[in-house]
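Accompanying notes for the structure given below.
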């Protein structure tokens with residue numbers, strides 16, 4: 001699987017471990033930065049990873065910041081991105097199976113490296129269930145995105 005990954009300075013170290021793991025598991029990795037622990041802004045990396053997924057340069061994306069919250073919020077501003085902050089295996093599996101999550105967000109200051117790898121393993125192995133109720137819910141999410149885009153156009157934002 002081709003995976004886009006990005007992190008801010010707080011997630012830089014964990015991102016390195018995740019990239020190494022992904023490569024040893026045979027995944028192709030598109031590392032979109034950051035490349036040091038110098039302070040940077042997580043929305044920039046959320047945009048880069050989200051766009052890579054939307055443009056089919058990657059099948060899924062991973063974002064790492066201090067808490068995972070900011071990166072998740074930023075990524076979800078991109079229509080078509082379904083990012084989830086997962087700190088346990090259940091959320092990672094269910095997020096993909098029921099909500100077709102395409103971007104995994106992790107908090108480097110919240111979970112340790114072993115748990116992060118376990119969450120990542122489960123998330124990578126999970127597949128969307130294709131259940132009718134889940135498809136219906138995703139269609140409603142898409143409608144909300146379109147409504148939001150229309151509201152922005154109508155207000156000139």
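Each value in this text was obtained by applying a stated rule to the coordinates, not by laboratory testing. Note that this is a predicted model, so its numbers are computed, not measured. Methodologically, a virtual Cβ is constructed for each residue, glycine included, from the backbone with ideal geometry; neighbour enumeration extends over all protein chains shown.
A few points about this structure:
- Of all residues in the range 15-70 being farther than 18 Å from residue 83 by Cα and in a helix (DSSP H, G or I), the one that is farthest from the chain's Cα centre (by Cα): 24
- Any chance residue 80 is in contact with a helix residue (DSSP H, G or I) (Cβ under 9 Å, 6 or more places away or on another chain), loosely packed, with under 13 Cβ neighbours inside 10 Å, closer than 24 Å to residue 43 by Cβ and in contact (Cβ under 8 Å) with a residue 40 or more places away in the chain: yes
- Of residues in the range 98-141 being in a loop (DSSP other than H, G, I, E, B), touching a strand residue (DSSP E or B) at 6+ places or on another chain (Cβ under 8 Å) and in contact (Cβ under 8 Å) with a residue 40 or more places away in the chain, the one farthest from residue 70 (Cα to Cα): 102
- Restricting 85, 22 to those that are out of contact with any helix residue (DSSP H, G or I) (no Cβ under 6 Å at 6 or more places or on another chain) and buried (at least 19 other Cβ atoms within 10 Å of the Cβ) reduces the list to 22.
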